[in-house]
Amino acid sequence: MDLMDAAKAVQANAYAPYSKFRVGAAIRTASGAIFAGCNVENVAYPEGTCAEAGAIAAMAAAGEREIAEVAVIADGDDPVTPCGGCRQKLAEFAAPDVVVTMSGKGGNSVTMTIADLLPGAFSTRHLDSA
Ligand code: THU
């Protein structure tokens, strides 16, 4: 299955009554499996969760740990880029060269790597050297 199609399908289930900004994310793992997530907002705003976090949680719950590819979609004019926190969450399970495709309304898309999105990521290297 096309990864962006999976992201678009789950976007339809986004719960975004406050921002009205519906996001879908899909992850392909090293095994070839696809895990999807949507943003789930909350009336206590900071309790809302991003689409990427949902997809990562589904992946981890299935026992998988290695992200091979990521797709994210929303309806803005510009392709949606993961927030700072989600960049760190993705980097936990994705190598620096993993490709993230970001899409906006009308299907316009941009492709970047994890290293592009989070240069100088905090990593186990920092912990291990202390
Ligand atoms: N959001 C995501 O789910 N993923 C992103 O990559 C950017 C932002 C959500 C969080 C919130 O529910 C809404 O979009 C507006 O910020």
For the structure I just gave you, tell me whether D97 is touching a residue at least 40 places away in the same chain (Cβ under 8 Å), over 18 Å from M1 (Cβ atoms) and either assigned to a loop (DSSP other than H, G, I, E, B) or over 10 Å from the mean Cα position of the chain (by Cα) (or both). no
Residue within region 12-20 that is closer than 18 Å to T111 by Cα, within 15 Å of the ligand (Cβ to nearest atom) and among the hydroxyl-bearing types (S, T, Y) present: no
Give me the residue from region 14-47 that is in contact with a Lys or Arg (Cβ under 9 Å, 6 or more places away or on another chain) and of a type outside the set (G, A, S) and, out of that set, farthest from E69 (Cα to Cα). Y15
Identify, please: which residue in region 68-92 is away from the ligand (no atom under 11 Å from the Cβ) and over 17 Å from A7 (Cβ atoms) and is, among those, surrounded by the most Cβ atoms within 10 Å (Cβ to Cβ)? A91
What's the number of the only condition in (1) without any contact (Cβ under 8 Å) to a residue 40 or more places away in the chain; (2) more than 14 Å from M4 (Cβ to Cβ) that T111 fails to meet? (2)
Only one residue in E64, E52 is at pLDDT 95 or above and either open to solvent by 40 Å² or more (accessible area, probe 1.4 Å) or over 17 Å from T101 (Cα atoms) (or both). Which one? E64
Would a scan of region 51-58 turn up a residue that is in a strand (DSSP E or B) and more than 9 Å from the ligand (Cβ to nearest atom)? no
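The values are calculated or read from the model by the stated rules, or taken from the named source; none is laboratory data. Everything quoted here is computed from the prediction, not taken from an experiment. Cβ coordinates were reconstructed from backbone atoms using ideal geometry, including for glycine residues, and neighbour counts include every protein chain displayed. Note: accessible area is taken over every heavy atom of the protein model, side chains too, but ligands, DNA and RNA are not part of it. Shrake-Rupley method; radii C 1.70, N 1.55, O 1.52, S 1.80 Å.
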